[in-house]
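The values are calculated or read from the model by the stated rules, or taken from the named source; none is laboratory data. Computed from a predicted structure; not experimentally measured. Note that we place each Cβ from the backbone using ideal geometry, even for glycine, and neighbour counts take in every protein chain shown.
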Amino acid sequence: MSLPSTTNPRRFCLLTYGSRGDVEPFVALGVGLRRAGHSVRLAAPAPFQALAEAYGLIFSALPGDPDQLALALVDRAGMSWPRMIARMIEYVQPLAGEVFRSALEATDQAEVIIHSFLMTEAGHTIARSRGLPDVSAQLFPVFVTTSEFPALVFPDLPLGNLYRRATHAVNTSMFRRGGRLLYRRLRAKTSGLPELAPWPFGGPPSASTPILFAFSPSLLPEPRDWPAYAAVTGYWHLAPPDGWSPPDSLERFLEAGPTPIYIGVGSMRTRRLKDLVEIAANAVRKTGHRAVLGFPQALLEGLRADDRFYGGEGIPHAWLFPRVRFVLHHGGAGTTGAALRAGVPSTAAPFSADQAFWARRILRLGLGPPAPPALRLTSSRLAAIIDRALTEPSFAARAHQLSESVRREDGVSLALRCIEEYLDSGRARS
């Protein structure tokens, strides 16, 4: 699918907040919008300025440290959705005024606002206060009810459609309650802020904000009972920037022996990361394989002299994963997509948030063996997972089959078409 070009260029502002996995898909969408002829500004946490500018996007910094948010979610919330919402509010509350003001400034010249999970109500409120059209973009299924699967961190119990629909209602209600509380407190001590806009989803399709889901329908098909304003587009895949090449040391490592495996945690941060490095290293030694380890470089110093390991944090997954035999990751949406696209067996050992949901999907599709949550891993359990992933042919066969479907998808192009159709329709406010 080719990228659509526009005859009506617009100024877009993309609002997203979180780790690299939360930001990278919006860089990919921004690149697509630019190629279609639009002007694009990305507003995201300050550490991602270099990433945005490497792809030619205008950047506005939002305050806060995404590593501290990840630490709060992993060490103090884990798999609990109520605790996760509480920790997010606790983290955001001291920053809320600065974040909202920064978002107001970033969107000052925008004609269209696209917002993601943590920026949903802020982005929608800013858009409505200025009479601008807005689009919601999410990396996991949220804010839309279905009877086909339960919401995110709820277990998939055999309790029928009513249970599944109820989990989505509870999920959304908790998120909205937390957001409203936070905004009321902020507005009470900050003059000039607009009223919180009505919730953008759940009304008649003609009045609802479109919501695009940037994951593969091959991994999670679009539910048949979703409303017309919701669409699964496929992943927003970000290729390495022009001129990027892998470190010579990595190429030498890959050429020096049998194809390695990959074990990594993405942008997850926990006080137990050092323990996880030791668990991973011991498991690799037990199985006799080589490994690229996606952990902070400072934690890998003790492995520098061991030629079985390479510290691969920061290497684009799109380049690296097709060059390994097996991917053990944290279950983030973007990393899950990169592993699917690579066509190698994969398993997710989740930490928090949506990761357990994707881990269940990976398991259900037969892409790899089951794994416990990351903080319950031991070297023996991990060694058994590695051995099984590499010795059961069905995992490799299923991963290869699914990757062919994922590679045929063009999520950015489909997202652009959905956005253009909405903006050109009578539904978009302008």
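Can you name the residue in the stretch 289-335 that is of a type in the set (Val, Ile, Thr) and not in a helix (DSSP H, G or I) and, of all such residues, is nearest to Ala356 (Cα to Cα)?
Only one residue tops the list, namely Val327.
Do you know which residues across the stretch 228-244 are over 19 Å from the mean Cα position of the chain (by Cα) and modelled with pLDDT of 90 or more?
Ala228, Tyr229, Trp244
Report, by residue number, each residue of the stretch 374-393 that is under 24 Å from the mean Cα position of the chain (by Cα) and among the basic types (Lys, Arg).
Arg376
Could you pull out the residue among Arg41, Arg87 that is among the basic types (Lys, Arg), buried (at least 20 other Cβ atoms within 10 Å of the Cβ) and touching a Lys or Arg at 6+ places or on another chain (Cβ under 6 Å)?
Arg87
Among Glu121, Glu105, Glu111, which is among the acidic types (Asp, Glu), in contact with a Pro (Cβ under 9 Å, 6 or more places away or on another chain) and either free of Cβ contacts under 8 Å to residues at least 40 places away in the same chain or over 14 Å from Val40 (Cα atoms) (or both)? So that I can check it myself, show each step before the final result.
Details: Glu105 fails: in contact with a Pro (Cβ under 9 Å, 6 or more places away or on another chain); Glu111 fails: either free of Cβ contacts under 8 Å to residues at least 40 places away in the same chain or over 14 Å from Val40 (Cα atoms) (or both).
Testing whether each residue is among the acidic types (Asp, Glu), in contact with a Pro (Cβ under 9 Å, 6 or more places away or on another chain) and either free of Cβ contacts under 8 Å to residues at least 40 places away in the same chain or over 14 Å from Val40 (Cα atoms) (or both) leaves just Glu121.
For residues that are of a type in the set (Asp, Glu) and farther than 21 Å from Tyr235 by Cα, scanning just the stretch 95-147, find the one that is modelled with the lowest pLDDT.
Kept after step one, since they are of a type in the set (Asp, Glu), are these residues of the stretch 95-147: 98, 105, 108, 111, 121, 134.
With farther than 21 Å from Tyr235 by Cα added as a condition, the list becomes 98, 105, 108, 111, 121.
Working: Glu98: 88, Glu105: 95, Asp108: 95, Glu111: 97, Glu121: 91.
Applying the filter and picking the extreme gives Glu98.
Could you please find all residues in the stretch 332-389 being in contact with a Lys or Arg (Cβ under 8 Å, 6 or more places away or on another chain) and charged (D, E, K, R)?
The one that is in contact with a Lys or Arg (Cβ under 8 Å, 6 or more places away or on another chain) and charged (D, E, K, R): Arg341.
Can you tell me which residue is nearest to Arg269 (Cα to Cα) among those in the stretch 341-353 that are over 14 Å from the mean Cα position of the chain (by Cα), of a type outside the set (Gly, Ala, Ser) and buried (at least 24 other Cβ atoms within 10 Å of the Cβ)?
Looking at residues that are over 14 Å from the mean Cα position of the chain (by Cα), of a type outside the set (Gly, Ala, Ser) and buried (at least 24 other Cβ atoms within 10 Å of the Cβ), I get Thr347.
Counting only residues that are buried (at least 17 other Cβ atoms within 10 Å of the Cβ) and at positive phi, which one in the stretch 45-83 is modelled with the lowest pLDDT?
That would be Gly78.
Being more than 15 Å from Gly192 (Cβ to Cβ), in a helix (DSSP H, G or I) and either among the polar types (S, T, N, Q) or in contact with a Leu (Cβ under 6 Å, 6 or more places away or on another chain) (or both) is the filter here; which residues of the stretch 103-126 pass it?
Result: Met119, Thr120, Gly123.
Which ones in the stretch 371-409 are over 19 Å from Ile211 (Cβ atoms) and in a loop (DSSP other than H, G, I, E, B)?
Of the residues in the stretch 371-409, the ones over 19 Å from Ile211 (Cβ atoms) are 371-408.
Across the stretch 371-409, the qualifying residues are Ala371, Pro372, Pro373, Leu377, Thr378, Glu392.
Can you tell me which residues in the stretch 47-67 are over 15 Å from Ala96 (Cα atoms) and without any contact (Cβ under 8 Å) to a residue 40 or more places away in the chain?
Pro47, Phe48, Gln49, Ala50, Leu51, Ala52, Glu53, Gly56, Leu57, Ile58, Phe59
When Ala318 is evaluated against the numbered criteria (1) more than 22 Å from Gly257 (Cβ to Cβ); (2) free of Cβ contacts under 8 Å to residues at least 40 places away in the same chain; (3) surrounded by fewer than 20 Cβ atoms within 10 Å (Cβ to Cβ), which criterion, by number, is the only one it fails?
Here Ala318 clears every test but (2).
Could you pull out the residue among Pro260, Pro210 that is assigned by TED's automatic domain parsing to the domain that holds Pro316 and more than 19 Å from Ser19 (Cα to Cα)?
Testing whether each residue is assigned by TED's automatic domain parsing to the domain that holds Pro316 and more than 19 Å from Ser19 (Cα to Cα) leaves just Pro260.
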